[in-house]
Amino acid sequence: MTFGEHCLHHIFPTIDHWNLHHLYPVFYETCKEFGITYKIGTIFDLLKGQFLQLARTEANTKQSGK
């Protein structure tokens with residue numbers, strides 16, 4: 001399982017990890033249909049993002065859905 005399949009696991013939690021790779025074509029097509037850019041990063045990108053979040057000193061004041 002790659003980290004990208006971890007994302008699909010959260011969208012389809014009842015599908016076995018072994019079969020998630022079959023969903024990529026539909027997943028990418030759906031992202032394109034809704035204008036979503038799905039960026040695949042490395043483990044280093046993930047760690048960098050995690051530490052940048054931990055280093056934040058200001059609260060996120062944006063409210064979702066507005």
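The values are calculated or read from the model by the stated rules, or taken from the named source; none is laboratory data. Owing to the predicted nature of the structure, the values given are computational and were not obtained by experimental measurement. Every residue, glycine as well, gets a Cβ built from its backbone with ideal geometry; the counts of neighbours run over all protein chains shown. What goes into the accessible areas is simple: the full protein's heavy atoms, side chains included, and nothing from ligands, DNA or RNA. Shrake-Rupley method; radii C 1.70, N 1.55, O 1.52, S 1.80 Å.
The number of residues in region 1-48 that are part of a helix (DSSP H, G or I) and of a type in the set (Lys, Arg) comes to 2. Restricting attention to region 49-65, does a residue exist that is part of a helix (DSSP H, G or I), at pLDDT 90 or above and either in contact with a strand residue (DSSP E or B) (Cβ under 7 Å, 6 or more places away or on another chain) or among the β-branched types (Val, Ile, Thr) (or both)? Within region 49-65, not a single residue is part of a helix (DSSP H, G or I), at pLDDT 90 or above and either in contact with a strand residue (DSSP E or B) (Cβ under 7 Å, 6 or more places away or on another chain) or among the β-branched types (Val, Ile, Thr) (or both).
In region 34-62, the residues that are at negative phi form Cβ pairs under 9 Å with partners that are hydroxyl-bearing (Ser, Thr, Tyr) and surrounded by 10 or more Cβ atoms within 10 Å (Cβ to Cβ), at six or more places apart or across chains, as follows: 36/30; 38/28; 40/2. Residues in region 46-64 that are of a type in the set (A, V, I, L, M, F, W, C) and open to solvent by less than 80 Å² (accessible area, probe 1.4 Å): 3 in all. Restricting attention to region 27-45 and to residues that are within 16 Å of residue 5 (Cα to Cα) and of a type in the set (Phe, Trp, Tyr), the residue that is most open to solvent (accessible area, probe 1.4 Å) turns out to be 28.
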